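Quick notes on the structure that follows.
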Amino acid sequence: MSSSRAPAGTAVRGHKTRHLADELRRAIAELRWPAGKLPTEQQLARDQGVSLNTVRRAVDLLVQEGLVYRRQGSGTYISASRTPGTGYAVGVVVPSLTYYYPRVIAGIERELSRHGSRMLLRCTDWDPGMEHGAVEELIRSGSAGLILVPTLGEDGPRHWLGDAGELAVPAVLVERGMDLPATSHEFVCSHHAAGARTAVEHLLRLGHTRIGYMERTSPHTAPQVRSGLAVGLEHAGLDAAPVAAVSLPRWTAEDADRFLGRLLDEGATAALCFADREASLLVGAARRRGLSVPGDLSVIGYDNEVADLCEVPLTAVSPAKTDIGRRAADILRARIADPDAPRRQEAFVPHLVVRESTGPAPGHR
């Protein structure tokens, strides 16, 4: 278990830099600059509406990560462009380019480019039919292997994903596998149950014993989060069920208001929310009712995607997205190099980033 606290004095400047760096990573992953060269720093500053210093700091982060490099007097180049046409192509299929997965993609691209390989990226917008078509197209185009984030619901790809060895090329699953009992597929994923337990234990240390759970319905992550929450409560000698729990496909401000009413009726002093957006809605509901966060209610988000943008910066569970992408690419490279090696299935435990939305339970100050 680990936690970190964001520094206070440079929050605004640091946020702008991180946000721009994320935007640049996403643009690189989406192949927005196919020639392999970034716009000038002056052009990026104009396009993004930020200062030149913010651009330079963001680009410095990408240079440190090895994603781009500067060529004196010429500009800033995407690292993969240093080895055009070398190595093999890897097909990458993700459900979204706007939330969670851009950092996974950046990790994949970074690892592939280090070894002279290139990425062929496809986004399916959570459409299982598009997933199947994207996989077939990537195999036909000559991809030596695949990194997949398939949708595994009722309409998911079980009919074509099969088991390891049934696809025409090696494949590694990302953020899938814990929900595939006895699968022989290689995968790299987050251990979301362990991440949720970390969040619960943080609240318990602060004296919270009546904890609610606010969930966006998801067939992949939500069951693991619920499991970790139950284990954390039970391990502390409490009822494994949260004092109030609601799962909805999509939450509105009115839904959050109603859920807050349930929390108050049950005497809850804290809530774990999957994911960040839901936590932000709950904070807004508390503020509208005149409650203090964290004075009257502590709130923890999940994913750490937009947690620092909430009106009260959120303590949040943070999966190791970039590292997961990098490791998936590494496992796929090893599989391509040695098809008969033992198969690997790995889980990364998310860590907790502590911010202003959690504090001691009333009566424990």
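Here, each number is a calculation from the coordinates, and none is a lab measurement. Keep in mind it's a predicted model, so treat the numbers as computed, not measured. No Cβ is skipped: glycine too gets one built from the backbone with ideal geometry, and neighbour counts run over all protein chains shown.
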Legend entry - Rg/Rg_globular for the chain, with Rg_globular taken as 2.2 N^0.38 Å and Rg from C-alpha atoms: 1.05
Legend entry - Dipole magnitude of segment 192-319, debye to nearest 20 (Cβ charges: Lys/Arg +1, Asp/Glu -1, about Cα centre): 80 debye
Legend entry - Cα-only Debye scattering, segment 135-243: base-10 log of I(q)/I(0) at q = 0.11, 0.15, 0.24 Å⁻¹: -0.47, -0.71, -1.26
Legend entry - Other-chain or far-sequence residues with amide H under 5 Å of W251's (modelled H): none
Legend entry - Long-range amide H partners of H185 with built H, under 5 Å: A164
Legend entry - Spin-label pair R32/R140, simplified geometry with 7 Å Cα→Cβ offset, distance in nm: 3.0 nm
Inset, instruction - Bin width 5 Å, alpha-carbon pairs only: give the P(r) of segment 192-319 as whole percents, running from 0 to the bin holding the largest distance. - result: 2, 12, 25, 27, 22, 10, 2
Inset, instruction - Considering the options V169, V306, V59, tell which one lies farthest towards the positive end of the dipole of the chain, charges being +1 on Lys and Arg and -1 on Asp and Glu at the Cβ, about the Cα centre. - result: V59
Inset, instruction - Indicate, rounded to the nearest 5 percent, the antiparallel portion of the DSSP beta bridges found entirely in the chain. - result: 15 percent
Inset, instruction - Go ahead and estimate [θ] at 222 nm for the chain from helices alone: -39,500 (n - 2.57) per DSSP H run with n ≥ 4, summed, over the residue count, rounded to 500. - result: -12500 deg cm²/dmol
Legend entry - For R176, distant residues with modelled amide H under 5 Å away: V188
Legend entry - Cα-centred dipole magnitude for the chain, charges only on beta-carbon of K, R (+1) and D, E (-1), debye, nearest 20: 1420 debye
Legend entry - Mean-position separation - Cα centroids, segment 169-240 and segment 331-349, in angstrom: 24 Å
Legend entry - Fully extended contour minus Cα-Cα distance, from R56 to A240, at 0.36 nm per residue: 61.3 nm
